[in-house]
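What follows is a single structure, written as structure tokens, with notes after it.
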Amino acid sequence: MTLAFTSSDIDLWSEEVIRSPYETYRHLRDLGPAVWLEQYQVFVVARYQDVYDALHDHEAFSSGSGVALNEQLNQKMKGSALVSDPPYHDHVRRVMGKPLTPRALREHRDDFQRLADELVDHLLERGSFDAVVDFAQLFPLSVVPDLLGWPSDGRDQFLAWASAGFNALGPMNERALADIPVLAGMWAFMADIVQPGRLRAGSWGADLVEAAQQGTVSKQLLPALIGDYLVPSLDTTVSALTSAMLFLGRHPEQWQAVRADHSLIPNVLNEVIRLETPIRALSRVLTRERDLGGTVLPAGARVVLLYGSANRDERHWDSPDEFDVKRANANSHVGFGHGIHGCIGQGLARLEGHALLTALATKAETIEVGEPEYRVHNTIRAISALPAALKA
């Protein structure tokens, strides 16, 4: 154990690192269990086991002080499921999690599969398309608003709101500042949409409003809680679905293995999320001095948990930079987080991904992809455009 730690002038939020991050991640892993980033005055944890251990110690690595790298958003999100600690966190997560249990989600399986089949049939007829706009964005936008009970107004803003919400989780740099007006518009709309009667009766959103009316959750926190449903359900899923199309198109032999054995489909999605983790990182604040991998971190420090690096750590994974649909331990990734703050909506994301991959494996013999264009974003590993074609 040592009180010393390594410092670095690496800028994890530079355009260069965001576009091509993996050598930087490897360098950070090699520097030590935790590295002090001088520019941002935070520690970054890049190795798998250390990230995993931190995620499973919510008492020391607290979310209640926020998971963003700026105080403005941390204060705005306070009281949401993401920015809270037990026992309140457990209470609000139970309320929000009712429609997201495996049993509840099974009710949507047939509808999701029907929609996925229709989408893939349409793309087969088109031949060529943009895998981002016409595939990865289109499907979540066809299911999430209805589940939330959203009216027709505001739906055209969903993607911009989701992107702005995640951008603001990083440092308050030019990208985050540019999205502040978008976020302001989102919060104003959220405050209006949670008024009784605005969301369709019986929907996820209306049930949450009803819980506030009954005093189960705070009415003042409703905009943040509705945001907990909306924002994570879009950008992260879009990222994973686009990456799935990219990797399966680049590895035709593995695509044929999936077509021959549909039981591989859950593992395909796990491997995609491992290799191109949608959320690069989130942070925590230490409530006490904590030894992590032999390095002691001081109480009060903000610690960035670098999921995208942990999921490629050669200390945990064999051939970590390779795509392998049969990887035995693909499901041990931390792409959905872990511990009590594991993504509450991951069941929904898996249901969407499995439906689309099943439709593709059933109907498309070949997937062809061009070169991806990557979006420069503070938090999401995102492709902005990907030419693709399917053949029956």
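The values are calculated or read from the model by the stated rules, or taken from the named source; none is laboratory data. All values reported here derive from a predicted model rather than from experimental measurement. With ideal geometry, Cβ positions are generated from the backbone for all residues, glycine too; neighbour counts draw on all protein chains shown. In case anyone asks, the SASA skips ligands and DNA or RNA and just uses the protein heavy atoms, side chains included. Shrake-Rupley method; radii C 1.70, N 1.55, O 1.52, S 1.80 Å.
Before moving on, here are some points about what is shown:
- Any hit, the stretch 154-162, residues being in contact with an Asp or Glu (Cβ under 6 Å, 6 or more places away or on another chain) and open to solvent by less than 10 Å² (accessible area, probe 1.4 Å): yes
- Extreme residue, farthest from Val376 (Cα to Cα), among residues of the stretch 1-42 that are without any contact (Cβ under 8 Å) to a residue 24 or more places away in the chain and assigned to a helix (DSSP H, G or I): Asp30
- Figure legend. Inter-residue proximity from the stretch 357-385: first residues within 21 Å of Ala160 (Cβ to Cβ) and in contact (Cβ under 8 Å) with a residue 12 or more places away in the chain, second residues open to solvent by 20 Å² or more (accessible area, probe 1.4 Å) and among the polar types (S, T, N, Q), beta-carbon distance below 6 Å, spacing 6+ or different chains. Indicated pairs: Glu373/Ser384.
- All conditions but one from (1) more than 15 Å from Ser233 (Cα to Cα); (2) out of contact with any Leu (no Cβ under 7 Å at 6 or more places or on another chain); (3) of a type in the set (D, E, K, R) apply to Asp134; the one that does not is (2).
- Selection status of Asp50, touching a Leu at 6+ places or on another chain (Cβ under 8 Å), at pLDDT 95 or above, more than 12 Å from Gly308 (Cα to Cα) and open to solvent by 10 Å² or more (accessible area, probe 1.4 Å): yes
- For Asp235: the one exception among (1) surrounded by 24 or more Cβ atoms within 10 Å (Cβ to Cβ); (2) free of Cβ contacts under 8 Å to residues at least 24 places away in the same chain: (2)
- Hits in the stretch 43-79 (condition: polar (S, T, N, Q) and part of a helix (DSSP H, G or I)): Gln49, Gln72, Asn74, Gln75
- Residue match in the stretch 303-317 (condition: of a type in the set (A, V, I, L, M, F, W, C) and surrounded by fewer than 19 Cβ atoms within 10 Å (Cβ to Cβ)): no
- Hey, Leu69 closer than 23 Å to Pro232 by Cβ, surrounded by 18 or more Cβ atoms within 10 Å (Cβ to Cβ) and more than 22 Å from the chain's Cα centre (by Cα) or not: no
- Looking across the stretch 364-392, just one residue is open to solvent by 20 Å² or more (accessible area, probe 1.4 Å), among the β-branched types (Val, Ile, Thr) and within 10 Å of Met245 (Cβ to Cβ), and that is Val369.
- Of everything listed in (1) hydrophobic (A, V, I, L, M, F, W, C); (2) open to solvent by 20 Å² or more (accessible area, probe 1.4 Å); (3) outside any helix (DSSP H, G or I), the single unmet condition for Trp150 is (2).
- If you go through the stretch 280-296 and keep only what is crowded, with 24+ Cβ neighbours inside 10 Å and either more than 22 Å from Asp57 (Cα to Cα) or at pLDDT 95 or above (or both), you end up with Arg280, Ala281, Ser283, Arg284.
- Pick from the stretch 335-352, criterion open to solvent by 40 Å² or more (accessible area, probe 1.4 Å) and of a type in the set (A, V, I, L, M), ranking: farthest from Arg47 (Cα to Cα): Ile344
- Filtering Asp117, Asp50, Asp130 for residues that are within 28 Å of Pro181 (Cβ to Cβ), more than 18 Å from the chain's Cα centre (by Cα) and touching a residue at least 12 places away in the same chain (Cβ under 8 Å) leaves a single hit, Asp130.
- Filter pass, Ala224 being open to solvent by less than 40 Å² (accessible area, probe 1.4 Å), over 19 Å from Cys343 (Cα atoms) and of a type in the set (A, V, I, L, M): no
- Residue within the stretch 34-48 that is among the aromatic types (Phe, Trp, Tyr) and over 17 Å from Ser283 (Cβ atoms) present: yes
- Complete set of residues in the stretch 72-128 that are of a type in the set (Val, Ile, Thr) and buried (at least 17 other Cβ atoms within 10 Å of the Cβ): Val83, Val92, Val120
- The set of residues in the stretch 195-234 being closer than 17 Å to Leu348 by Cα and touching a Pro at 6+ places or on another chain (Cβ under 7 Å) consists of Trp204, Ser233, Leu234.
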